[in-house]
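Below is one structure, written out as structure tokens; comments come after it.
Just so it is clear, none of the values below were taken in a lab; they were calculated from the coordinates. If you're wondering where the values come from, they're calculated on a predicted model, not measured in any experiment. Here Cβ is always computed from backbone atoms with ideal geometry, including for glycine, and neighbour counts include all displayed protein chains.
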Amino acid sequence: MATKSRDATSLGATTPVMSVDLIRQVPDGVPAKELTYQEAIREALREEMQRDENVFLMGEDIGKHGGAFGVTRTLFDQFGPERVRNTPISENTIVGAATGAAIVGMRPVIEIMFVDFSGLAMDQICTQAAKLRFMTGGQCKVPWVLRMPQGGGAGKSTAAQHSQSLEAWYAHTPGLKVVLPSTPYDAKGLMKAAIRDDNPVIFLEQKFLYSFRGLVPEGEYVLPLSQCDVKRQGMDVTVVTSGYMVWHAMLAAQILQKQDIDVEVIDVRTIAPLDEETIGKSARKTGRVVLVTEACRDYGPANEWGMVVMEHAFEYLKAPVTRLTGRHSPIPFANSIENGVWPDTQAVVQACKDVMAW
Amino acid sequence: MATKSRDATSLGATTPVMSVDLIRQVPDGVPAKELTYQEAIREALREEMQRDENVFLMGEDIGKHGGAFGVTRTLFDQFGPERVRNTPISENTIVGAATGAAIVGMRPVIEIMFVDFSGLAMDQICTQAAKLRFMTGGQCKVPWVLRMPQGGGAGKSTAAQHSQSLEAWYAHTPGLKVVLPSTPYDAKGLMKAAIRDDNPVIFLEQKFLYSFRGLVPEGEYVLPLSQCDVKRQGMDVTVVTSGYMVWHAMLAAQILQKQDIDVEVIDVRTIAPLDEETIGKSARKTGRVVLVTEACRDYGPANEWGMVVMEHAFEYLKAPVTRLTGRHSPIPFANSIENGVWPDTQAVVQACKDVMAW
Amino acid sequence: MEIDRETLLEMYRRMVRIREFELAAMDLFKRGQVKGAIHTYIGQEASGVGVCLALRTDDLIAGTHRSHGHNIAKGADTKKMMAEILGKETGYCKGRGGSMHIAAFETGSLGALAVVGSGIPLAVGAALAFKMRGEDRVTVPFTGEAGSNTGNWHEGLNMAAVWDLPVVFVLENNHYGVSTNIEDVIKVKDLSQRAVAYGIPGVRVDGFDVVAVYQAARQAVDRARRGEGPTLLVTESYRFEGHYAGEPEVYRSRAEVEEYRKKDPIPRFRDALMGEGRVEPIELDSIDNEIRQEIADAVEFARQSPEPDPSTAMDYIYA
Amino acid sequence: MEIDRETLLEMYRRMVRIREFELAAMDLFKRGQVKGAIHTYIGQEASGVGVCLALRTDDLIAGTHRSHGHNIAKGADTKKMMAEILGKETGYCKGRGGSMHIAAFETGSLGALAVVGSGIPLAVGAALAFKMRGEDRVTVPFTGEAGSNTGNWHEGLNMAAVWDLPVVFVLENNHYGVSTNIEDVIKVKDLSQRAVAYGIPGVRVDGFDVVAVYQAARQAVDRARRGEGPTLLVTESYRFEGHYAGEPEVYRSRAEVEEYRKKDPIPRFRDALMGEGRVEPIELDSIDNEIRQEIADAVEFARQSPEPDPSTAMDYIYA
Ligand SMILES: Cc1ncc(C[n+]2csc(CCOP(=O)(O)OP(=O)(O)O)c2C)c(N)n1
Ligand SMILES: Cc1ncc(C[n+]2csc(CCOP(=O)(O)OP(=O)(O)O)c2C)c(N)n1
Ligand SMILES: [Mg+2]
Ligand SMILES: [Mg+2]
């Protein structure tokens, strides 16, 4: 029997009620405040700009307007037009300029309004910035962060050129680091790490998550790049996922708990370089793995995780690793067919039950 | 025990002697001639241009000069500057112009000199051409072919910006077809199919193969897209591969035969959409699979094949699916470290022995 | 250039049609019935209408994120337009595209691409095809002033110039790219000067004056049709509404907007028509009424239309 | 502008150094000792030398696929240059880059990028950093005439112009992009006119005349240093050799090449120096001899140097 990898097509998407309590990351006792994912990113930018005068922001309409999603709002008033710099519509040159500035010691944090537009900047991102240090035998380094909102959310997205998830393109490029946080806590801690990192870092922000709330420590903290985060421990089945899909996985885990299925949720919050150990360890423990990504299926990011399981846990597998991915299609505008483009809680629940039943 | 996916780093590359006889595709009795991979592509272009006046070529220096690798040489003299059209250095616009021409009924075959430069054209390739038919609800179609030389060959390549294998970027984009032929026979037959196809087709040509010779039928023929080709039947282990790596796999199979290991070689000559059945069927038969690609490892094309095996043949697997890929690194200039960037015959032999011994 | 009465009335009709369509679309948006974003053309009607009335149906436009007006100016059916905006199967793009990708191929379009500048290469390529086939058709890519800073724009104008292609590059200067004023991203004051870099004519015209736009467009289009090559046509107007419906507009003053609203191309043209005494107020009123009814019907049609059937989700990905 | 004797002799020295370096590199290539391609600067020496002598060491250039000459003009060590071309650990890029990516950061470089036009944004960004930090440093991206058709070129000049950045965009017109003559891909005859589109000065100079280039570059560099913004500097010369060593040159006649060789910038400058009587032939001869020896030593050094150790293959991917 062949287990079909399923895209979400068949399963009508349900817009879930995601409670803050679904993911708790701040240890009890540590003073904390509630922030949205968007506020958390802004706070990280603000703190790093205060800490290091070499950090500056560059992008289209990031000034007074605050960017397409308001992430940089108020930073313009605080730091002014030099350090919160509006640019012409020139994606490739925004990235290339960041590279030039980084080579001479700055730490630019740049924004491309939607990851969908980054096709215009692939040369500067993947062919120049990612390779420059290597090509020059270490004569330079390129410490920039490229912020790119990506992804969708049932009923929220805007068709084929404003809704994609493209982490796979960048994760396949040696020399880049790729981050995709799922919570306010991770977003702030990873952004600070990305800014301090000496390499070009692709920082993907899931648009639908901007309004999600979560607890963040009052005090300063920085999270390590290149580590998966076990968002939930479980014994029966491992769900490897990232971004918005983490929330579906957590909600699914809650539901499955009631059915005595104990789910471990691994958040690949740094997509590349990948922390293989954490995935391998969990797969060896549970022997059952479901991969969940928003990106479209073929040649997608879930595959790398699946092969890591293959290489680290083959003889422990009790069922085939299952892919649950975005529909392999451009993203449509109409609700009736945008529904089901992305996996949702129900789809994760079903996939976990299937691997348990296999 | 964890089986490490190996990149070729550790194994010094051997430049193999690839005999024409390694791959025989023309049935005995069928009148055939020997052509190089490059001549085969040129012949396909010539025949299609003679057959259909809407077919024309566009790219940098493809005229008298014949393109960076001489593929279009003599076509300029035969068809003239209108249909063999030199362009300014404007990759994104070359592709976009082909899209516009295709929408109004032409069948442009365009060239980007090295796939490495295609980062400049990703917007027109992946965000426009691939999605236009869908975005417009089928009001148009985009029948173009984008030719891009790619890949390397030990001692032959020219560093980080002229040696990559980037099929994964394009194969991850719904709406595109991606072809990567390994022999003169496939190159000609698939090019003709690509030109006649009504969708945007990425036609990748492995640079090192241009001089490879092989038999091609005297008469006209067209090969189907979206089919894997079983280049060699075997019972013990399946090697799934494409492009230049197919030759290493075939040579490895010959060597392993002497050691009583019977290798099946599957040539994924159309990378996307992928023919999953052929891969699944073979994996169920042999229960042992080695994936070989020139592309760098992480989030690379081999992973899709591996997950297909997982989904179609899990319970038949006698050993973990092994990845043998390009080193996950920008490609260096110096021979001493370019050696081992790509898998070679010895690496394939070793990987097959390992899965047999597992 | 003498413009006949029918053409003048058609100019008026299409401008009003665009205006009423946009007002209705904004109204639907405010009531939460439109998903995603809509970018209205209010204030810029004279630009699209002046240009498109200088075109034949078999000439092709390439649209942008702001192309409701371009399509209607080219003759698109407002029913199928409105249906598309509501994501219905009866829309031009069968609901797959929505507002940002709305394109009426039946009245001459190459599609509407929401990546700024990306429509330009398509127009260049279609024009190349026309030239190669000896057809006297013209293509018109629309771009906003901020779009002239993209690499696409430069590459496209250069390619069309060296090959003398029948393209009229219409650069619509509404002074802002989202929140960014043109002065902050373009140093040259007269955008038509950018034509110098390509050795082609650059023309600048009052984008609030539909007749002036029409006349300038006619010259450029005729030139292109005669095989004499591309022209850069800059129309100067203003975006009366936010970048998208509901956009806060923190970057400009109400006063500035009010100043420009005084130049509203529709009342201005109305007065001009009546002033010349060639048209009776009642004719224009009846046009207004017709259009209002047409748009009301379009909204009703769109509302009643079905969304795409989920079973068709995978259609149109491959031909 | 009065140019002192040392500078004049240094101009001569660097031009000869480039010429001899390229001849040696071609010789090595012909003997199969260089892998990949080499793109020589022979015939264009006056352009790079005139520009780079107008720069300080802490000013930065951005190179291309054809940057042997740019680096040497900026003061690079020919030993490390030759070692890089042979892929040795002692090369500027530790053998990782090779001819097309050769870049001497120690004498002021941002790297050499082989994707045409891709170095321009880097120069713009570094200049932005200098301006933000109040440093009076200048950046110079070199581009060939064909590179001015890339989107990067347009976006880069526009961005530098609107921000008044200290960049001197040097456009080296050698009349060909690989096999393609400039007339087939650029309609405007005087490339400096492309500056009009950005509202910045455009200057055109004889690229065979090192003094003329130097003087034009000095003005543009000083202007940039004063914070008055970028300049487009076009140097008109010619590529004496094939696009790359061994390239067949089917696209131009021997006669055409011979005509241009008569303008060879080195003998021309030699004669000028002696004509003015400011320099004795013997001084120039001794420079020639010094350089020949230097290059012979460089070749020897490169030959003797070790290739990168395989154990270091994964170095320098991440910082
Ligand atoms: C390449 C690209 N960058 C950014 C955006 C986001 N965006 C959408 S419209 C717009 C402004 C366009 O301004 P202009 O070209 O003047 O057109 P207008 O909206 O004024 O009609 C921007 C930046 C985009 N769609 N494409
Ligand atoms: C974007 C891009 N397209 C194509 C090439 C292949 N290529 C290398 S050099 C060259 C010609 C460049 O001409 P020009 O800019 O005039 O520089 P020159 O070689 O004459 O110095 C081309 C097309 C490339 N390196 N990059
Ligand atoms: Mg605008
Ligand atoms: Mg040139």
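Quick notes on this structure:
- Within 10 Å of the Cβ of each residue in C:189-198, the mean number of Cβ atoms contributed by other protein chains is 4.
- Longest to shortest principal axis, alpha-carbon extents of region D:82-146, angstrom: 39, 29, 13
- With N counted as the residues of region D:227-293, its alpha-carbon radius of gyration over 2.2 N^0.38 Å works out to 1.58.
- Cα-Cα pairs of the protein assembly as shown separated by more than 63 Å (percent): 9
- Approximate shape of chain C as ellipsoid semi-axes (Cα gyration tensor, √5λ), whole Å, largest first: 27, 24, 21
- In this simple spin-label approximation, A:R24 and C:D309 carry label points 7 Å from Cα along the Cα→Cβ vector, and these lie 5.0 nm apart.
- Ellipticity at 222 nm from helices only: DSSP H runs of n ≥ 4 in chain D, each -39500 (n - 2.57), divided by the residue count, give -13500 deg cm²/dmol.
- Against the main long axis of the alpha-carbon atoms of chain B, helix B:276-286 sits at an angle near 20°.
- Think of each Lys and Arg Cβ as +1 and each Asp and Glu Cβ as -1; about the Cα centre, that makes the dipole of chain D roughly 580 debye.
- A convex hull fitted around the alpha carbon atoms of region B:277-358 yields 90 Å³ per residue.
- Chain C residue nearest by beta-carbon to the axis mapping C to D, with distance in Å: C:G151, 1.
- Length added when fully stretched, D:D27-D:T57, from 0.36 nm per residue minus Cα-Cα: 7.8 nm
- Calculated mean residue ellipticity, 222 nm, chain A: -9500 deg cm²/dmol, from DSSP H runs (n ≥ 4) at -39500 (n - 2.57) each, averaged per residue and rounded to 500.
- Loop GluC sites (Glu not before Pro), region C:44-153 (other Cβ atoms within 10 Å of the site Cβ: 16 or fewer; DSSP): C:E135
- Listed by chain and number, the lysines whose C-alpha is less than 25 Å from the C-alpha of B:K285, apart from same-chain residues fewer than 8 away, are A:K4, A:K318, B:K4, B:K231, B:K258, B:K318, B:K353.
- For B:V230 and A:Q350, a Förster radius of 51 Å and the Cβ-Cβ distance give a FRET efficiency of 0.90, rounded to the nearest 0.05.
- Inter-copy label distances at B:V26, shortest first and taken from points set 7 Å along Cα to Cβ: 7.5 nm.
- By other beta-carbon atoms within 10 Å, ranking D:R17, C:R278 with the fewest at the front produces C:R278, D:R17.
- Size descriptor, Kirkwood hydrodynamic radius, that averages inverse alpha-carbon separations across region C:158-243, Å: 13.6
- Ranked B:F79, C:F169, D:F208, criterion: other C-beta atoms within 10 Å, fewest first: B:F79, D:F208, C:F169
- Fraction of alpha-carbon pairs over 25 Å apart in region D:1-154 - percent: 28
- Principal axis box of region A:203-358, alpha-carbon based, largest edge first, Å: 45, 41, 34
- Rough spin-label spacing in nm, given labels placed 7 Å along Cα→Cβ, for B:Y316 and C:E10: 6.5
- For the segment B:320-328, counting C-beta atoms of other chains within 10 Å of every residue's C-beta and taking the mean gives 4.
- Estimated FRET transfer efficiency (B:R46, D:E258; beta-carbon r; R0 35 Å; 0.05): 0.45
- If you look at the Cα atoms of region C:137-294, you get an Rg and a Dmax of 17.8, 50 Å.
- 12 Å tail of the calculated P(r), region A:266-316, as % of Cα pairs: 61
- Computed FRET value (nearest 0.05) for C:R278 with C:R133, which takes r as the C-beta separation and R₀ as 45 Å: 0.65
- Assuming charge only on the beta carbon of Lys and Arg (+1) and of Asp and Glu (-1), the dipole of chain B about its Cα centre is about 220 debye to the nearest 20.
- Residues of type lysines that C:K80 reaches as a straight line, Cα spacing below 18 Å, ignoring anything fewer than 8 places off in the same chain: C:K35, C:K88, C:K94
- Nearest-first distances (nm) between copies at D:E183, label 7 Å from Cα via Cβ: 4.5
- Largest-first principal axis extents, alpha carbons of chain A, Å: 58, 44, 42
- Position C:G227: other-copy label points at 5.6 nm, ordered by increasing distance, label point 7 Å along Cα→C-beta.
- Distance between the pseudo-spin-label points of B:Y221 and A:D262 (7 Å out from Cα toward the beta carbon): 6.0 nm.
- Relative pair counts by distance (%), Cα atoms of region B:143-270, 10 Å bins: 12, 40, 35, 13, 1
- D (Stokes-Einstein, µm²/s), Kirkwood Cα radius, region B:92-201, 1.567 mPa s at 4 °C: 90
- Of all DSSP beta bridges in the protein assembly as shown, antiparallel share, percent nearest 5: 20
- Across region C:279-319, counting alpha-carbon atoms alone, Rg and Dmax equal 18.5, 53 Å.
- With Cα atoms, 0 to 90° folded angle of helix A:37-51 axis to chain A main axis: 40
- For the segment C:156-165, counting C-beta atoms of other chains within 10 Å of every residue's C-beta and taking the mean gives 6.
- Cα long-axis angle, helix A:302-313 against chain A (0 to 90 degrees, to the nearest 10): 60
- Looking at chain B, the DSSP beta bridges with both ends there are about 20 percent antiparallel.
- Cβ crowding within 10 Å, taken as a proxy for footprinting-reagent exposure, orders B:K281, B:K258 from fewest neighbours to most as B:K258, B:K281.
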